[in-house]
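For reference, the structure discussed in these notes is given below.
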Amino acid sequence: MPTKDNIPSNTHPSSGGNAAGSDGRRPVLEQMLADHYLKILAQAPVLIWRANTKAECDWFNNTWLSFTGRTMEQEYGSGWAEGVHQEDLKRCVDIWLGAFEKRESFEMEYRLRRHDGEFRWILDIGRPIDAVDGCFAGYIGYCFDITDRKKAEMDLVLARESAEAANRAKSDFLANMSHEIRTPMNSIMGMSQLLAFTDLTAEQKEYVDGILSSSEGLLAIINDILDLSKVEAGKIDLELHGFSIRRSIYEVIKAQMSSVMEKGLFLRPEIAEDVPETLVGDQLRLKQVLLNIVGNAIKFTREGGITISVSVQEYREQVAVLGISVTDTGIGITNEAIERIFSPFGQEDSSTTRKYGGTGLGLSISSKLVELMGGRIWAESRKDAGSSFHMVIPFRRSDERQDPRTPARSDIRRLWEGEKLHILLADDQETNRNIMSRLLERFGHELDTAVNGEDVLRKWREKRFDVILMDVEMPTMDGNEAMRRIREMEQTSGGRTAIIALTAHALKNQQEQFLNLGYDGYVPKPVEIASLLQELKRCLQLSPVHHEAPPGAAAPQAAGSVDITKLADILTSVIPLLKQRNMGVLDKVNDLASAVPEFPLLSQLNQQIRQFDCTGALQTVQRLCEELDIQIDQRL
């Protein structure tokens, strides 16, 4: 091995440097044993070397010599180091001399030239050895060819780097897709919210509510799909709020009714009487699961229909464990495919995709969401005999009742009362500017608009604004640069204008990043007017808004103008349907609306029936009968 001055020595070690010590004499028996064991080691299938007390190699086995293609004399002393790769030589010298100085074991990896000229990776394990008398006698080393292992490690590094590059590309793709998807969604939701300000019939109002409800559900799904880190790490957060499972199922049925009617199917709920009225859980996630499963059932059912059943499996203190089943009369699933359908992109076979469409992600997502809610999901089916998807999910019970007077999604005029704001809206898309301006002007706010960052700076210098709604991505000068310059100028002039970021990029930690940049708030696109108004209120520290009737609303109609006979007939037909929780009660909504649309209790009953809150509706019927002195030959 190279000495401290790193000068190779090819001379045979003298007798003074052998493994017996400094006196140069070896006991005969010890020498005989050493020779015996050297003969054994000479044929070992691994590369073996021996070094004396002066850190000079004085013996190599046949395997070593065959590997290097050199003679014993060429390898003696430090001659073998001539085969070590130059990039590894200094490191080997340092490890070798350090170990000899401390007389401790060592391991090192280096490249050694083989007889054919190829460098191979070697794992060299050196151990100090003692003579018979216990004195330090040098070292013996065992070497293993680890080239295949090193290659596998390098391949793994390359694969990881490739995966990281692909992951970055995927993140960039999703970020761009976020922007592209959210841009048309912004127009859909904005136009729907504008439509809600117009005079609508009861039927039109229901359609607008449906559009806004479906848009919110779609937006929530987009948020999770586009949030790459959540999808890959399984970090989808549940939002636990009180909700009515009956209302949720009604909304699912309403969303799917057009597809059901188009195919001539039935879609009905069967909800047990003892299912609690109010539960605590993530209503949106539950509806997402039901929409996936019911949507699949409709897609694969040609005749008959689908039933959604809900029952209480057990009570655990304040927890109700519900059994939810979706049963159809469709084409069914083979036993071989029943487990595969819950895997990502899993469908019964490739022809399923061609014939019925879909990516095969729905059931996989549903399975993960059910597990996240603490439940489990499984399927039972026979080919050509229908399918049943069963879920068992625990929900916390709640004594709170859902307020039946909660404003519908189309009642957005009630979201802001009080101080009117002077707002600068910056967005390079004309459609977005028009929609946002019209929406905010409906609440009495004064709007100025800008098409890029330079336009923002110019108008900010000319006028005082309560808040700037800043699109992040704009040509010429983007929102971030405009915001940064405003903050710099504010340090000199004093004061601070609230700036809220508007962006179609809405990946994980985006809000925190914008706040760190200097924004006061953040609203993702498509902009939900309720979220924007709430963020305005938070950033400007305004007093809470009140859900009051909008100015100019018509006064409630007097009870004396109610057609008691007509109303009694309608209520008589409604009561049994409410008791049976029969979806047919929804057909009575228009009859009630035409009876006395402005009478408060009647409007409340209308909404409760639309939300399929049967218990609350029955209580309202009782109050109606008492207040209007209506006699009905049915027990409430």
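Where a number appears in this text, it was derived from the coordinates with a stated rule and is not lab data. Everything numeric here is computed off the predicted structure, so don't read it as measured data. Because the Cβ atoms are built from the backbone with ideal geometry, glycine has one as well, and the counts that use them run over all protein chains shown.
Peptide packing: for 116-129, 184-197, the average count of neighbouring Cβ atoms within 10 Å per residue gives the ranking 184-197, 116-129, highest mean first. So how far apart, in nm, are the two label points at SER531 and ASP145 if each is 7 Å from Cα heading toward Cβ? Roughly 6.2 nm, to one decimal.
Placing dummy labels 7 Å off each Cα toward the beta-carbon, the span from ALA385 to GLU512 is 5.3 nm. Counting 0.36 nm for each residue step from LYS420 to ARG496 and taking away their Cα separation leaves a gain of 25.5 nm.
What does the charge count near LEU265 come to, summing +1 for each Lys or Arg and -1 for each Asp or Glu among other residues with Cβ under 13 Å from its Cβ?
Values: positive: LYS263, ARG268, LYS299, ARG302; negative: GLU262, GLU303, ASP328.
Its environment carries a net charge of +1.
I want the local charge near PHE60. Using Cβ-Cβ distances under 13 Å, sum +1 for each Lys or Arg and -1 for each Asp or Glu among the other residues. With Lys, Arg at +1 and Asp, Glu at -1, the net is -3. Computing FRET efficiency as 1/(1 + (r/R0)^6) for GLU314 and MET154, where r is the C-beta to C-beta distance and R0 is 60 Å, gives about 0.60. Would you please give the FRET efficiency between GLU454 and LEU240, computed as 1/(1 + (r/R0)^6) with r the Cβ-Cβ distance and R0 = 51 Å, to the nearest 0.05? Efficiency computed from Cβ-Cβ geometry: 0.65.
For the pair LYS566 and THR334, the difference between a 0.36 nm per residue extended length and the Cα-Cα distance amounts to 78.1 nm. Modelled this way, with points 7 Å down the Cα-to-C-beta line, the labels at HIS85 and MET191 are 6.4 nm from one another. Which pairs in the list LYS368/LYS537; LYS287/LYS383; LYS254/LYS525; LYS205/LYS537; LYS420/LYS463; LYS254/LYS566 are over 24 Å apart, alpha-carbon to alpha-carbon? From the list (LYS368/LYS537; LYS287/LYS383; LYS254/LYS525; LYS205/LYS537; LYS420/LYS463; LYS254/LYS566), the Cα-Cα distance tops 24 Å for LYS368/LYS537; LYS287/LYS383; LYS254/LYS525; LYS205/LYS537; LYS254/LYS566.
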